[in-house]
Amino acid sequence: MDSVKAEQTLTDRTTVAIREVLAGRRRPGVRAIRTALLFAGPAVIASIAYMDPGNFATNIQAGAKFGYTLLWVVVLANLIAMLYQALSAKLGIVTGRNLAEMCREQFPRALVWSMWVVSEVAAMATDLAEFLGAGIGLSLLFKIPLIAAVLVTALITYGILLFEKRGFRALEIVIGAFVTVIGLCYLIEMFIVPVAWRAAILHSVVPEIPNFEALMIAVGIIGATVMPHALFLHSGLTQGRAPAHDDRERAQLLRFSNYEVVIALTVAGLVNMAIVMMASGAFHAGHAEVAQIETAYQTLTPLLGAGAAGVFLVSLIVSGLSSSVVGTLAGQMILQGFVTLRIPIWLRRLVTMVPALVVVALGLNVTTAMVISQVVLSIALPVPMIALVIFTSRADIMGRFRNSPLTKLTAVAASAIVLLLNAILVAHTLGL
């Protein structure tokens, strides 16, 4: 049996096992963890969007300049992300359609085309930051030119994307392995970097914004956390993975999905908190000016040794590669959902890497390009957030699974907070 057939069999076995659980023929019992793992995958893949190089950049800046003060912002951003990823997953499970498809079906054609253009630009902006992040890591680790590192990133991510042809389970396992590597890297960093744990815990729950610069960094953290493409992607990952036959099965799928969202996004949140704590412990006392990924690496080496710097680079590379894969999947889903067009994955990969190649080839400031990409994401974010709240609150679409009044109110309040902060970020960046 060749490897492709083996991987397809793995997906088939997972699908059969899920059907047995939903039909009540397999009881969790002592195998509760194994049963839960059958349903794990979509939130793990989506969680990569919350550990991408854009998060690295904003979290390093937060820790270096303000120590542990802005940790509460990371916690808040992660809670908002949990809510919206859960809503996205619910839309796919209940309706069997992803968010882009629902927009195409429910909104006027002119609005749909506008939403598609904005979402495509956001997907390319996402890929810009992810490509550059992985490229920077490869360039620093292997001492190769940045343009060569970006091309290597493209080849590796394309190779990873080929796992999708072997069934959903193969790609879920690969991305899950990447998440594990990133988590282990920052677990190691916590043993290397001196951390003031009492201060870290205190600032995780006590809101504080010391000055306007801190406010802008806080806005950047939230802007880099709640990602448009992740909201589109999650609904697509759940829409056909384990189709439900009735409301009882839908309720089961939603329960497992919500558990997975909480666990996966908690891991992502802990990674982001660890990045802030690493930057605080390593840079805040004497190197508060550190604000760029390259500078962080170069400063870590003399401060904490090559081991700490190397672990940092490994986490950055894995983050960039995996988030680039996820960004490409999301872009493909956006294109197919809005305009019913599917293109070969290699062509999608080629198109989305163009902005990164242009930035590097022209010798533009990489950090500035990544900041601009976050602004673009901020502008695009209202599209999926507002649409998601509208669809999941409608009884004619969701039936008895529509948002409760409390969920709807919380979602509206969260979107208002995020959109207000993003408006501040855009206005400040544009000098308005």
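Annotations
- The number of residues in segment 202-246 being closer than 19 Å to Met102 by Cβ and part of a helix (DSSP H, G or I) comes to 12.
- Count of segment 182-225 residues which are more than 30 Å from Ala380 (Cα to Cα), surrounded by 14 or more Cβ atoms within 10 Å (Cβ to Cβ) and among the β-branched types (Val, Ile, Thr): 4
- Matching residues, segment 179-201, being in a helix (DSSP H, G or I), β-branched (Val, Ile, Thr) and more than 21 Å from Ser323 (Cα to Cα): Ile188, Ile192, Ile201
- Only one of the numbered conditions (1) surrounded by 24 or more Cβ atoms within 10 Å (Cβ to Cβ); (2) under 12 Å from Leu231 (Cβ atoms) is not met by Ala86, and that is (1).
- Taking (1) over 24 Å from the mean Cα position of the chain (by Cα); (2) over 30 Å from Glu249 (Cα atoms); (3) surrounded by 17 or more Cβ atoms within 10 Å (Cβ to Cβ) in turn, Ser373 satisfies each apart from (1).
- Scanning segment 336-351 for residues that are within 21 Å of the chain's Cα centre (by Cα), surrounded by fewer than 23 Cβ atoms within 10 Å (Cβ to Cβ) and under 22 Å from Glu172 (Cβ atoms) turns up Gln336, Ile345, Arg348, Arg349.
- If you go through segment 291-310 and pick out every residue that is of a type in the set (A, V, I, L, M, F, W, C) and surrounded by fewer than 23 Cβ atoms within 10 Å (Cβ to Cβ), you end up with 6.
- From the list Val261, Val205, the lone residue that is in contact with a His (Cβ under 9 Å, 6 or more places away or on another chain) and modelled with pLDDT of 90 or more is Val261.
- Conditions (1) closer than 24 Å to Ala123 by Cα; (2) buried (at least 24 other Cβ atoms within 10 Å of the Cβ); number of the one not met by Arg241: (2)
- Contact map, segment 88-109: residues that are under 10 Å from Gly236 (Cβ atoms) paired with residues that are part of a loop (DSSP other than H, G, I, E, B), Cβ distance under 7 Å, separation 6+ or inter-chain. Pairs shown: Gly92/Asn98.
- Here Ala274 clears all of (1) closer than 26 Å to Ala309 by Cα; (2) surrounded by fewer than 24 Cβ atoms within 10 Å (Cβ to Cβ) except the condition numbered (2).
- With respect to the conditions (1) under 20 Å from Phe232 (Cβ atoms); (2) surrounded by 15 or more Cβ atoms within 10 Å (Cβ to Cβ), Arg394 lacks only one, and its number is (2).
- Residue among Val358, Val354, Val418 that alone is assigned by TED's automatic domain parsing to the domain that holds Asn98, of a type in the set (Val, Ile, Thr) and surrounded by 14 or more Cβ atoms within 10 Å (Cβ to Cβ): Val418
- Residue match in segment 132-140 (condition: surrounded by fewer than 20 Cβ atoms within 10 Å (Cβ to Cβ), assigned by TED's automatic domain parsing to the domain that holds Leu316 and modelled with pLDDT of 85 or more): no
The values are calculated or read from the model by the stated rules, or taken from the named source; none is laboratory data. These figures come from a predicted structure and were not determined experimentally. With ideal geometry, Cβ positions are generated from the backbone for all residues, glycine too; neighbour counts draw on all protein chains shown.
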